Amino acid sequence: MPSPLVEFSRIGKVYGPTVALHDVNFSLYPGEFIALVGMSGGGKSTILRLMAQLEQPTSGAITYAQPGLVTRVMFQNDRLLPWMTTLQNVSFNSHDKAQQAKAEQALAAVGLRDFANTFPNQLSGGQKQRLALARAMMAEPQLLLLDEPLGALDALTRRNMQQFISDFCAKAHLTTLLITHDVDEAARMADRVLVVKSGTNVYEAAGAKGQNAEAVARVAAEVLDVILAPTTAVS
Ligand code: ADP
C-alpha cells in the first residue's frame, strides 16, 4: 500500500456549542476515488473544508504527503462567469498564448472543444459541469474535491456525468473525494465509500466503480442500511 496523500487522525471540529466532527480517521491514497455519504448535517462538508485547508481542525492532525498539495474544489453552484466565453472562463481571460493553449486542451479533454466561443448560459447543465471541471483542471490539481457537484442535474444527465467524471478522474490518475447524499452515486463512482454520521466516519464499504448495476445496487443497499440505522447520541 503506498503512503496516503492525505491522512485524518482523530480529527475534531467544534463551532461554538456545536460538535461538527469528532474522532474522524481515514486516509486517502494516491489515485483513489473516495465518496463520503451520509445525511445532511453529518459533517461531510466540514471534512471537505478541512481537507482543502479552508479551515483548521479543533483537535487531531491532518497530514499531507507534501506541503503545498495542489487542491481544487468543484461545487454544485458552478461559479462560472456569464459574461465570459467558455474558453475565457477556463483561461481566466488570460492573453498569454501558452495559457490559452492549455485552456483549449482542457476544454477538449471534457468534450467542449467546439464550444470555445459559447457563453455559459448557452450550455446545458451537464456541459456547465464539464466546463467547471476543465477550469478546475487548469491548476493541475493532485487532489480534486467534489461537493455535491451533480445535485442540480436531471436524472439522465446526472448518470452520464457520474460516468464522465469517474472515467475522467481515473484517466488523469486524480485523487478524488466526492461528497454526496446519493448512495447510488457513491457506489457507482467510488473505490471506497465512507459513511459519515453524527460527525464521524462510522463505516467503510468497497465501492462498485466500473462494476455492473447489480453490484452498484448491492453496495448502495449496504451503505443505506448503515445510514438509516439508529445512532447513539454524541456526548
Ligand atoms: P453535511 O455536509 O454532512 O450536511 P456539515 O459539515 O455542513 O454537514 O455540518 C455538520 C454540523 O456542523 C452541522 O450541525 C452544522 O450545522 C454545523 N456547522 C457546519 N458549519 C458550521 C459553521 N460555519 N458554523 C456553525 N456550525 C456549523
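Between region 182-224 and region 26-69, how many Å separate their Cα centres? Taking the Cα centre of region 26-69 as reference, the centre of region 182-224 is 18 Å away.
Using equal-weight Cα scatterers in the Debye expression, the normalised intensity of region 121-235 in log10 at q = 0.19 Å⁻¹ is -1.05. Would you please classify the overall shape of region 58-126 from the alpha carbon gyration tensor, given that a ≥ b ≥ c denote the square roots of the eigenvalues, rounded means a/c under 1.5, and beyond that prolate means a/b larger than b/c while oblate covers the rest? Prolate shape, in that a/c is at least 1.5 and a/b is the bigger ratio.
For the chain, what are the DSSP H helices with axial Cα length of 20 Å or more and mean Kyte-Doolittle hydropathy of at least -0.5? Once both thresholds are applied, what remains is 155-171, 213-228.
Please give me the summed charge of the neighbours of residue 89: other residues whose Cβ is under 11 Å from its Cβ, Lys and Arg +1, Asp and Glu -1. If you can, show how the numbers build up before the last one.
Values: positive: 79, 128, 135; negative: 78.
Result for the local shell: +2.
In square nanometres and to one decimal, what's the mean projected area of the convex hull around the Cα atoms of the chain?
On the way: hull surface 55.3 nm².
Approximately 13.8 nm², given one-decimal rounding.
Around residue 185, with a cut-off of 10 angstrom between Cβ atoms, what is the net charge of the other residues, counting Lys and Arg +1 and Asp and Glu -1?
Values: positive: 158, 159, 188; negative: 148, 182, 184.
The answer is 0.
As a rough guide to protection, the peptides 121-129, 38-46 ranked by mean Cβ packing within 10 Å, highest first, stand as 38-46, 121-129.
Quick one: net charge around residue 152, please, counting Lys, Arg +1 and Asp, Glu -1 for every other residue with C-beta under 11 Å from its C-beta. Display every interim value, and only then the final one.
Working: positive: 128, 158; negative: 78, 148, 154.
So the environment of residue 152 carries a net charge of -1.
Bear in mind these aren't lab numbers, they're just calculated from the coordinates by the rules spelled out. Just so it is clear, the structure is predicted and the values come from calculations on it, not from any experiment. Reconstructed Cβ throughout: ideal geometry from the backbone, glycine too, with neighbour counts over all protein chains shown.
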